[in-house]
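No lab work stands behind these numbers, since they all come straight from the coordinates. Just so you know, these numbers come straight off a predicted model, no measurement behind them. So basically every Cβ, Gly included, is an ideal-geometry build from the backbone, and we count neighbours across all protein chains shown.
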Amino acid sequence: MPVLPAEFADLEPFADWALETEQERYAKRLASTMPEMQAFYDAAFPRLADVMDYGDQFDLRDLPEDVRKLVHLMQSLIMVSFPVEVWKQPRVPDSGAAWAELVYEPVV
Amino acid sequence: MAHFQKPAAGSWTEHYPDLGTEPVDYTDSIDPEFYEAEREGIFKKTWLYMGRVEKLPKVGSYFTRELPVVNTSLIFVKGKDKVIRSFHNVCRHRGNKLVWDDFPNEETAGSCRQFTCKYHAWRYQLDGELTYVQQESEFFDLDKSLYGLKEVRCEVWEGFIFVNFDNTAVSLTDYLGGYGKGLEGYPFHEMTETYSYRAEIGSNWKLFIDAFAEFYHAPILHQKQAVKDEADKLMKVGFEALHYDLQSPHSMISSWGGMAPPKDMNMVKPIERVLRSGLFGPWDRPDIEGLDPLPPAVNPAGAKPWGVDEFEFFPNMSLLIWAPGWYLTYTYWPTAVDKHIFECNLYFVPPKTIRERLAQELAAVTVKEYALQDANTLEATQKMLETRTVTEFPLCDQEILLRHLHKMAVDHVEEYRNASVAG
């Protein structure tokens, strides 16, 4: 069963990145390899502008389920953009054992 | 060569002669006795920031705060008269913690009509009055009016809730002084889309304020966050603030940056180009009242490239106001001389579209990644300070807020110690 809107069927193979909370997205980033994140980024980044245009027709507080999933997927794209675009590693460089929890977020 | 005009005294630091320019003694960050004196002389004497009024939306809304630094737990509640009050979280019967869920040391929030103790069902109104005692006739001449919850001084400035354990302290408005007055009218109340980070940090609380109160480190520590050409350029130029100001015990730094939008799109990462957002927040200002003109305390130099102002409200609240129209707060809660809890709250105007939501997401994720780099240096610094092989450190002009913070801590502790001796 597809989880994303039909207009974004090309991103369906990456639907496992459609994660609702920051905690899940952060954990998946840390558990992924650079080639895995690169493949996701290469597919999703060119569609980011399309998602923003497509999203303008919806009320953020009342999204259809498939659009909600699409937003979660783009939140994951943001999450992997850091390693892919600059760091070349899943964890932020020079951060050692430092850790912070996002204890409250506006979940889409 | 200075890129931005410094005061006539030649430097920001010498503009405030009380600060001196000699190396600063960091024993105040490792000495357990000094920490104990800070608890009494600072944290029990000054106004402490506890949270925003939006956390208490209606009559009966409450939240609790655990404050090991002053050895208490507090309840914050909005009463029937819409007044926000704070009480020590202790039942007057036999001292049970009044408001908690499954674990007594964890903070909680919710709403209720009254507070009922889990132990013997003593009940208190939202204004703290004791209204019901189980089997009251078993007690001896119990005057319920004498057994209300213990209230703590609680005052609100621009929607920021503060407490003070010293009943002789000046009012909150007087305490916040010129910055408080000069920030009035900023549309904090419109910025209710909240992200909250929390971290346990293995350092003295002042060291994390140090880390955020100077941007001299930014081109070096954060160089791997930027695209390479931009990182190289930043490192070569270094950092100079637009403006510094001290209004003891508080202080502020005003900085350029943010580039919204940047002159050259190659200066920023591809995702920033598409989302029109980054560390300094979404490039497009939200469409609300109150951002133009800004209140007088913001961007005091009136500089065109202004990007962010950071106000340090003594002792442990940082308030950052970003040019694109959002703000954040940091608080640093000591749990020991070498440990503290760091809290970071980001506040945006609620987004209406997916476009706006994703732009805010990028800013929120970016702030976390920078903070992790900042946090990582702290435990290492604490450990090396504790060796006492070096106790005095030269602070530069761009570190004037650090020099000021440590002086404020030492001054407060000295005043407390002198009063103790005199008393």
Among A:Ala27, A:Ala43, A:Ala15: highest mean-square fluctuation, GNM of chain A, C-alpha pairs under 10 Å
A:Ala27
Violations at 31 Å Cα threshold for listed pairs A:Lys69/B:Lys97; A:Lys69/B:Lys304; B:Lys45/B:Lys97 -> A:Lys69/B:Lys97; A:Lys69/B:Lys304
Taking the Cα centre of each part, how many Å lie between segment B:193-238 and segment B:265-298?
19 Å
Between B:Glu392 and A:Ala6, how many nm apart are label points set 7 Å from Cα along the C-beta direction?
7.7 nm
If one compares the long axis through the Cα atoms of helix B:400-422 with the longest principal axis of the Cα atoms of chain B, the angle in degrees, nearest 10, works out at 30 degrees
So, relative contact order of segment A:14-87 in percent, Cα under 8 Å, 6 or more apart, is 57 percent
Under a 10 Å cutoff between Cα atoms, tell me which one of B:His406, B:His93, B:His340 has the largest fluctuation in the Gaussian network model of chain B.
B:His93
Can you tell me the FRET efficiency between A:Ala15 and A:Glu101 if r is taken as the Cβ-Cβ distance and R0 is 22 Å, rounded to the nearest 0.05?
0.25
Determine one quarter of the surface area of the Cα convex hull of segment A:14-87, which equals its mean projected area, and express it in nm² to one decimal.
4.9 nm²
A:Glu65/B:Asn96 FRET efficiency (R0 35 Å; Cβ-Cβ; nearest 0.05)
0.20
Tilt relative to chain B, helix B:354-386 - C-alpha long axis, 0 to 90 degrees, to 10
90 degrees
Under 1.5 on a/c is rounded, so check that first for segment B:210-304, then, if it is not, pick prolate when a/b is larger than b/c and oblate when it is not; a ≥ b ≥ c are the square roots of the alpha carbon gyration tensor eigenvalues.
oblate
Distance in nm between label sites at B:Lys236 and A:Asp53, each 7 Å beyond Cα in the beta-carbon direction?
3.8 nm
Rounded, prolate or oblate: which one fits segment B:51-184, using the alpha carbon gyration tensor with axes a ≥ b ≥ c (rounded when a/c is under 1.5, else prolate when a/b beats b/c, else oblate)?
prolate
Set B:Lys82/B:Lys206; B:Lys58/B:Lys181; A:Lys28/B:Lys206 screened for pairs whose C-alpha atoms are more than 32 Å apart
B:Lys82/B:Lys206; A:Lys28/B:Lys206
Sum of -39500 (n - 2.57) over DSSP H runs of 4+, divided by residues of chain B (222 nm, nearest 500)
-8000 deg cm²/dmol
Scan chain A and note any complete DSSP helix (H) whose C-alpha atoms cover at least 24 Å along its axis and whose Kyte-Doolittle average is 0.0 or more.
A:65-82
Neighbour-count ranking [beta-carbon atoms within 10 angstrom, fewest first] of A:Trp99, B:Trp322
A:Trp99, B:Trp322
Among B:Ser251, B:Phe160, B:Gln114 the positive-end extreme of the charge dipole of chain B (Cβ point charges):
B:Gln114
What nm value, rounded to one decimal, do you get for the distance between B:Ala169 and A:Leu30 when each label is placed 7 Å out toward the C-beta?
3.6 nm
Just B:Pro315, B:Pro300, B:Pro282 to compare: in a GNM of chain B, with alpha carbon springs under 10 Å, which one fluctuates most?
B:Pro300
Once the Cβ-Cβ distance between B:Gln135 and B:Lys55 is put in as r, and R0 is 35 Å, what FRET efficiency do you end up with, to the nearest 0.05?
0.45
So if each residue of separation counts as 0.36 nm, and I subtract the Cα-Cα distance between B:Thr27 and B:Ala422, what length gain in nm does that give?
139.7 nm
Can you give me the relative contact order of chain B as a percent, contacts being Cα pairs under 8 Å and 6 or more apart?
21 percent
Give, in nm to one decimal, the length gained when the segment between B:Arg113 and B:Ser196 is fully stretched (0.36 nm per residue of separation minus the Cα-Cα distance).
27.1 nm
Under the classification rounded if a/c is under 1.5, otherwise prolate if a/b is larger than b/c and oblate if not, where does the protein assembly as shown fall, given a ≥ b ≥ c as square roots of the Cα gyration tensor eigenvalues?
oblate
Place a point 7 Å from the Cα of B:Glu414 in the direction of its beta carbon; the residues of segment B:8-36 whose amide N falls under 12 Å from it are B:18-20
Please work out the Cα center distance from segment B:17-90 to segment A:41-102, rounded to the nearest Å.
36 Å
Cβ neighbours within 10 Å from other chains - mean over A:47-60
4
Gain on full stretching of the segment that runs from B:Lys80 to B:Lys263 - 0.36 nm per residue minus C-alpha separation:
60.6 nm
If amide H atoms are built 1.01 Å from N in the plane of the peptide, which residues on other chains or at least 5 residues away come under 5 Å of the amide H of B:Thr72?
B:Leu67
